[in-house]
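Quick notes on the structure that follows.
The values are calculated or read from the model by the stated rules, or taken from the named source; none is laboratory data. The structure displayed is predicted, hence computed values, not measured ones. Note that each Cβ is placed from the backbone with ideal geometry, even for glycine, and that neighbours are counted across all protein chains shown.
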Amino acid sequence: MAKLLEELASPYLQGLVPYIPGKPIGEVERELGITGAIKLASNENPLGPSPLALRALRDALSESHRYPDGDGYYLKQALATRLGLTPDHLVLGNGCNELIELMARCFLLPGDEVVIADPAFVIYGMLAHLQGCATVRVPLKAWTHDLEAMAKAVTSRTKMVFVGNPNNPTGTAVRPTELTAFMDALPNDVIVVMDEAYIEYVPSEMTPDSLQFVRQGRSMIVLRTFSKIYGLAGLRVGYGMAPPSMVELLERIRAPFNVNALAQRAALAALDDEAHLSSSRTMNESGRAYLSGELHRLGLECPPSVANFLLVDLKQDGLAVADALLHMGVIVRPLGGAQLKTHIRVTIGTPPENERFMEALKTVLQKGSDQPKLKS
Ligand SMILES: *Cc1c(COP(=O)(O)O)cnc(C)c1O
């Protein structure tokens, strides 16, 4: 039966493995019989949702019998005003992940080439593969997207280029001038997907004006999300900004009610909560300085992150260390693949969470050096 179904499925599913997300706290506690675990694995906002969003959610609950506004009218209006765009430049998604998927389904055909940095967010490559596309991987340079090399990797078969800025899992960002040069070098029949899931964490001098290319009508979509700094990952809402003609194509294939009513209301309220945004940013900056300083003292280096996570080279098996941390109730993200075998990705938490992570890591690293490793 399994074999028959595999044969009936799209051939592009072959060899594809499901995306493994960071484990929820409850699941880890249940499996290990522990309590008080902390999660630093999925780059969520450790301060939680904005209080304004929580209030909007409570108010919206009694309308749960109604279908959502399929057009996301108010959320698009608010975003458009804020971004200096018209609402027809905006498309909403069930998380920005859905928008990446819609872009792939809308534009990628078997035989097309897709240019991706290496390493980058694994979803890009999975979705390209699912459409039957070849992926061209361009190594990072000094842990950052090498946009010059990526532009050079473009051929007549290239349909799409993914740029994660900041990049996940490195946390690094390209300089605004590099993006301009990249866009100058690229023909307009190559679509650029700028994934800016973490852009609100980036210092202003490092934030490129990517929307200028959207306004100019370049083949670009800029993706952002309410899952990260806005603290609404559980509600699933993201947005894309693109020329109206690209938005119109995406609107043809998205599900009618892809963003639920509660998510729309919470996102709208969260947008206005400047205080929550600024305390999230401030706490992240000091946490990042603390963690990179402490890691440096242990002789461990991180690429220069401008996001809310750090990629740490442990110089030993990252999976084993992540597993040992898990048993101490600290959930971090091991990174597969030959390149990042010795790395973990850790989300910057609250000050007590960061201290707990450092304590646990020190314990694990000490044990690792003077004890034989336990098989779990
Ligand atoms: C978290 C993340 C996203 C989007 O997440 P959603 O929850 O689907 O909005 C997109 N890109 C990158 C690189 C991310 O890390």
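For this structure, a couple of remarks:
- Boolean, ASN284 is surrounded by 20 or more Cβ atoms within 10 Å (Cβ to Cβ), more than 23 Å from TYR74 (Cβ to Cβ) and modelled with pLDDT of 95 or more: yes
- Any hit, region 116-124, residues being closer than 19 Å to MET220 by Cα and in a strand (DSSP E or B): yes
- Count of region 16-25 residues which are in contact (Cβ under 8 Å) with a residue 60 or more places away in the chain and either assigned to a loop (DSSP other than H, G, I, E, B) or loosely packed, with under 13 Cβ neighbours inside 10 Å (or both): 4
- Positions within region 328-341 being over 17 Å from the mean Cα position of the chain (by Cα) and either assigned by TED's automatic domain parsing to the domain that holds THR207 or surrounded by fewer than 16 Cβ atoms within 10 Å (Cβ to Cβ) (or both), in sequence order: GLY337, ALA338, GLN339, LYS341
- Selection status of ALA181, more than 19 Å from GLU113 (Cβ to Cβ) and more than 16 Å from the ligand (Cβ to nearest atom): yes
- All conditions but one from (1) within 21 Å of ASN43 (Cβ to Cβ); (2) part of a helix (DSSP H, G or I) apply to VAL259; the one that does not is (2).
- Among all residues of region 160-167, there is none that is free of Cβ contacts under 8 Å to residues at least 40 places away in the same chain and within 11 Å of the ligand (Cβ to nearest atom).
- Leading residue by the ranking (surrounded by the fewest Cβ atoms within 10 Å (Cβ to Cβ)) among those in region 342-374 that are assigned to a loop (DSSP other than H, G, I, E, B) and modelled with pLDDT of 95 or more: THR350
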